[in-house]
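Data block below; observations after.
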Amino acid sequence: MTCPICRQRKARRHCPARGDEICTVCCGTKRLVEIDCPDDCPHLSASRQHPPAVTLRQQERDVAALVPAIQDLTERQYQLFALFNAHIARHTPEGFVRLVDDDVADAAAALAGTLETAARGVIYEHSAQSLPAQRLATELKELLAQMREQGAKIFDSEAAVALRATERGARDTRTRAEGGDVAYLQLTARLLKLNRARREETATPARPGSSLILP
């Protein structure tokens, strides 16, 4: 029997999404892209449990690139780091503006400076240098205010530490990872996607936004 998708190779693998047999190549390359695989598909589960070697190597490189920025954070500081970066990953610049790592670093540095000044008892609003960075900094400040309104007790000093880690990561990642001026944004997006997949496997809910977990 020939694979009904490619009509070239022999169908050897049952596809629960289609209800028929397909070839192993189409199963591997069109999974979750053209084929709406159910969660209980054994081939999908196997691919998540045993990802290709190229995927594992990418995960190892991502971890090695990010660890220098976060290795000294406490658990609470890391949770804030994860929250901030999950929000950054969802941030959409206005118009046709393109957000790059320098904007992320600039925004994190500006808000960190404001919080560090406030922790010393001085009210002074630090501004980012670029407009995209300033808009992102404003969103991160609003996120922090929302968390506090919801009852989270967050000290300015610990939030500033998490933001400084974000600044270091955004500035330094391009020297350790591929991606050019968006290397950090791409790296955190990959880690967020990886953790979402792991949560789906285990059906374990996560706190809103706190989904940047190192593999």
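The values are calculated or read from the model by the stated rules, or taken from the named source; none is laboratory data. Nothing here was measured: the structure is a model prediction, and the numbers come from that model. Note that we place each Cβ from the backbone using ideal geometry, even for glycine, and neighbour counts take in every protein chain shown.
Going through (1) in a helix (DSSP H, G or I); (2) in contact with a Pro (Cβ under 7 Å, 6 or more places away or on another chain) one by one, Ala107 falls short only on (2). Screening the range 168-179 for residues that are in a helix (DSSP H, G or I) and within 15 Å of the chain's Cα centre (by Cα) and picking the one that is surrounded by the most Cβ atoms within 10 Å (Cβ to Cβ) gives Ala170. Only one of the listed residues (Leu83, Leu44, Leu56) is farther than 30 Å from Arg18 by Cα, part of a helix (DSSP H, G or I) and either modelled with pLDDT under 95 or over 18 Å from the mean Cα position of the chain (by Cα) (or both). That residue is Leu83. Every condition in (1) more than 18 Å from the chain's Cα centre (by Cα); (2) surrounded by 21 or more Cβ atoms within 10 Å (Cβ to Cβ); (3) aliphatic (A, V, I, L, M) is met by Ala65 except one, and the failing one is (1). The condition of being acidic (Asp, Glu) and out of contact with any Leu (no Cβ under 8 Å at 6 or more places or on another chain) holds for only one of Glu158, Glu149, that being Glu149.
Please indicate, with yes or no, whether at least one residue in the range 147-159 is under 30 Å from Gly95 (Cβ atoms), modelled with pLDDT of 95 or more and among the small types (Gly, Ala, Ser). The answer is yes; a qualifying residue exists. The numbered conditions (1) within 23 Å of the chain's Cα centre (by Cα); (2) of a type in the set (A, V, I, L, M, F, W, C); (3) in a loop (DSSP other than H, G, I, E, B) are all true for Ala159 except (3).
Scanning the range 136-147 finds no residues that are more than 18 Å from Ala189 (Cα to Cα) and in a loop (DSSP other than H, G, I, E, B). Taken together, the criteria exclude Thr114 from residues that are free of Cβ contacts under 8 Å to residues at least 60 places away in the same chain, under 17 Å from Val182 (Cα atoms) and not acidic (Asp, Glu). The single condition from (1) without any contact (Cβ under 8 Å) to a residue 24 or more places away in the chain; (2) closer than 21 Å to Val182 by Cα; (3) of a type in the set (S, T, N, Q) that Gln58 fails is (1).
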